[in-house]
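Every number in this text was worked out from the coordinates using simple rules, so none of it is lab data. All values reported here derive from a predicted model rather than from experimental measurement. Cβ coordinates were reconstructed from backbone atoms using ideal geometry, including for glycine residues, and neighbour counts include every protein chain displayed.
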Amino acid sequence: MDVARAADQATAPTSGTASATDIASMTWDAYASAPSTATGPNADKIKRGKYVATIAGCNDCHTPFKMGPTGPEPDLSRMLSGHPEQLGSMPQAGAPGAAPGPTNTRFSGPWGVSFTANLTPDVETGLGQWTFRNFKDTIRSGRHMGRGRPVLPPMPIMMYKHMTDEDLEALFTYLQTIPAIRNRVPEPLPPATEAAVAATPSS
Ligand code: HEC
């Protein structure tokens, strides 16, 4: 079933068969089952990488959500491009405290405020300059490129570090084939900043 039909069902007065969860998952189904255009020697690896990205939920946090006819849905025109630059780093109206905000790309907690990274191959703002080694070292160690600052929650490093080399390589190969999107994600904010922002009555 395609997304348009799902939306029709949702608004049809007689529907009653598609739950909100069904509808949300249909958007994902469209993503996951879209035919892979990959060809050449890496085609199988790319297909595997897309599968890993799908089941590991990279899109849940790294693709900004938008409001669709049936509620929030991933904005696939900005697939895996991270927290939108134009939203900046400050809390968005209506998203106080630990709420991730309408795009589901901004997360606050005891660690401060983190913003999901741009995973597209854009050279300046994404992973375009990364080698597989950079990627693997980041995921395995939980530090930026294996030696920089710790990667903040809620990036599920503790789970992903157990991926096999084969899956990590497929995932990285796939990420390097998706459309490059220029989007400079803000730097994370330290915990004190968030507390100060939360304490400001006008924010
Ligand atoms: C629950 C939310 C969540 C999920 C799911 C998630 N990420 Fe992240 N990811 C984040 C956040 C938040 C950051 C930014 C962390 C920071 O600034 O330290 C991040 C950062 C990253 C970075 C940049 C690390 C760096 O040091 O530059 C990479 C690479 C990454 N994620 C890859 C992935 C991949 C690949 C997947 C799927 C297998 C994934 N993420 C799934 C939340 C998530």
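Here the 3J(HN,Hα) profile of segment 123-138, calculated from phi with Karplus coefficients 6.51, -1.76 and 1.60 at θ = phi - 60°, is 5, 8, 10, x, 9, x, 8, 6, 9, 4, 4, 4, 5, 4, 4, 5 Hz, Gly and Pro shown as x. Partners of residue 136 within straight-line reach, counting lysines whose Cα lies under 30 Å from its Cα and excluding those fewer than 8 residues away in the same chain: 45, 47, 50, 161. Computed 3J(HN,Hα) for segment 178-189, one whole-Hz value per residue from the Karplus formula 6.51 cos²θ - 1.76 cosθ + 1.60 where θ = phi - 60°, is 7, x, 6, 10, 7, 7, 8, 6, x, 5, x, 9, glycine and proline marked x. For segment 52-57, the Karplus equation 6.51 cos²θ - 1.76 cosθ + 1.60, evaluated at θ = phi - 60°, returns couplings of 4, 4, 5, 6, 7, x Hz by residue, with Gly and Pro reported as x. Relative to the current alpha-carbon distance between residue 66 and residue 44, full extension at 0.36 nm per residue lengthens the span by 4.8 nm.
Taking the Cα centre of segment 42-199 as reference, the dipole from Cβ charges on Lys and Arg (+1) and Asp and Glu (-1) amounts to some 220 debye.
As a proxy for reagent exposure, 123, 185 were ordered by neighbouring Cβ count within 10 angstrom, fewest first; the result is 123, 185. Between residue 187 and residue 141, the contour length at 0.36 nm per residue exceeds the Cα-Cα span by 14.6 nm.
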